[in-house]
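Everything below concerns the one structure shown next.
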Amino acid sequence: MSEVTNIELVDRYVGMPDTMQGGYVAGLAAGDVDGPIRVRIRRPMHPGEFLVRTAGQDDNLVHRNDELVMVATPGPLHVQARSPISRQAVDVAMRAPLPFDPPYPDCIGCGHGPEGMGIQIRPLGDGQHAVAVWSPTAEWGDQNGVIPRNLVWAAFDCITSWAIFIDPPSSSGGGAVTGNIAAEFRGDVLVGETYVFQSWRERDDDRSIICGGALYGPNGLVAVADQELVRTKGWGMEIPTAPLAR
């Protein structure tokens with residue numbers, strides 16, 4: 001028997017202006033499963049809308065009224081976790097100022113507004129990786145001090161997409177939006193602990209750009225994710241023609 005969940009979208013969880021952050025809504029579609037699970041985003045979603053998630057035996061379907069907007073399906077990732085970057089190298093990167101302006105200051109994942117999650121992202125300095133440090137506070141956890149999975153998906157969305165600012169694809173220019181995003185979890189993210197993300201551009205072609213990400217906690221690898229950014233003619237995140245961080 002299918003399980004039906006009603007979801008209200010609120011403006012705190014935007015990415016681009018007036019548009020829900022892709023990783024956040026993908027996490028709502030995926031639910032609390034460990035995965036690997038891939039969420040295909042078929043339509044942009046906006047604050048004030050209502051969704052209905054129908055969890056079936058093989059996949060989750062998310063509708064906005066009668067329109068199918070997301071599909072979450074078990075399936076493999078496009079990437080494997082890379083070896084963790086040393087904490088010393090991450091700390092050096094984090095001490096440096098961000099060498100470019102954040103693309104969306106009010107984004108729940110990478111924005112620096114008062115309602116953001118407090119994630120700081122920086123180029124590692126090797127021309128290939130972005131890194132981030134996150135120490136989630138009690139504001140974001142449940143009654144057991146566990147960070148809801150959809151918020152971790154939101155973090156992965158921003159951190160993986162920022163890889164193209166450091167290592168742009170060979171065919172640059174135009175825009176990109178999240179076409180699909182996938183994750184596999186080996187544990188939970190907890191309030192009061194400090195976590196390190198790393199991301200990289202895995203590969204690209206004329207249609208899309210695939211970026212990977214890994215999340216490490218005090219006891220090692222917590223989760224792996226990938227994001228396929230679909231190229232557009234100007235809408236979405238601008239694809240740089242040269243690295244923004246050198």
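The values are calculated or read from the model by the stated rules, or taken from the named source; none is laboratory data. All values derive from a computational prediction rather than experimental measurement. Cβ atoms come from the backbone with ideal geometry, glycine included; neighbour counts cover every protein chain shown. We work out accessible area using only protein heavy atoms, side chains counted, and drop any ligands, DNA or RNA first. Shrake-Rupley method; radii C 1.70, N 1.55, O 1.52, S 1.80 Å.
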Identify which of Q143, Q80, Q128 has the largest mean-square fluctuation in a Gaussian network model of the chain, with springs joining Cα atoms closer than 10 Å.
-> Q143
Dipole magnitude (debye, nearest 20) for the chain, charges at Cβ of Lys, Arg, Asp, Glu | 600
Which value, in Å² and to the nearest 10, is the accessible area of L221 when all protein chains are kept and the probe is 1.4 Å?
-> 40
Indicate the gyration tensor shape class of the stretch 73-127 (rounded, prolate or oblate), computed on the Cα atoms with a ≥ b ≥ c the square roots of the eigenvalues: a/c under 1.5 is rounded; otherwise a/b larger than b/c is prolate and the rest oblate.
-> oblate
Counting only residues 5 or more apart in sequence or on a different chain, those whose built amide H sits under 5 Å from that of L190 are I147
Between Q120 and Q57, what FRET efficiency follows from the Cβ-Cβ distance if R0 is 41 Å, with the result rounded to 0.05?
-> 0.50
When the charge dipole of the chain is computed with +1 at the Cβ of Lys and Arg and -1 at the Cβ of Asp and Glu, the Cα pointing farthest to the positive end, of A29, G213, Q88, is that of Q88
When the accessible area of the stretch 92-162 is computed with all protein chains present and a 1.4 Å probe, what percentage of it is carbon and sulfur?
-> 51
Find the cysteines in the chain that fail to meet the 4.7 Å Cβ criterion with every other cysteine, and list them.
-> C107, C211
Roll a 1.4 Å probe over the protein chains and send me the accessible area per residue for the stretch 87-235 in Å².
-> 40
Surface share of carbon and sulfur [accessible, 1.4 angstrom probe, percent] for the stretch 188-234 | 42
Sorting S86, S208 on solvent-accessible surface, 1.4 Å probe, most exposed first, gives S86, S208
Which entry in (1) -0.20; (2) -0.48; (3) -0.32 matches log10 I(q)/I(0) by the Debye sum over Cα atoms at q = 0.07 Å⁻¹ derived from the coordinates of this structure?
-> (1)
Exposure rule at most 16 other beta-carbon atoms within 10 Å, DSSP loop chymotrypsin sites (Phe, Trp or Tyr not before Pro): the chain longest free segment | 101-234
With all protein chains in place and a 1.4 Å probe, D58 shows an accessible area in Å² (nearest 10) of 110
Please find, in a Gaussian network model of the chain (springs between Cα atoms separated by less than 10 Å), the residue of M94, M20, M70 whose mean-square fluctuation is greatest.
-> M94
Which cross-chain or sequence-distant (5 or more) residues have an amide H under 5 Å from the amide H of Y195, H modelled 1.01 Å from N in plane?
-> W134, S135
Carbon and sulfur: what percent of the stretch 1-85's accessible surface (1.4 Å probe)?
-> 47
Length-normalised contact order of the chain, Cα under 8 Å, at least 6 apart, in percent, tallies to 21
Just in the stretch 139-218: which trypsin sites (Lys or Arg not before Pro) are loop by DSSP and have at most 15 other Cβ atoms within 10 Å?
-> R186, R207
Using modelled backbone amide H atoms (1.01 Å from N, in-plane), which distant-in-sequence or interchain residues come within less than 5 Å of E202's amide H?
-> I210, C211, G212
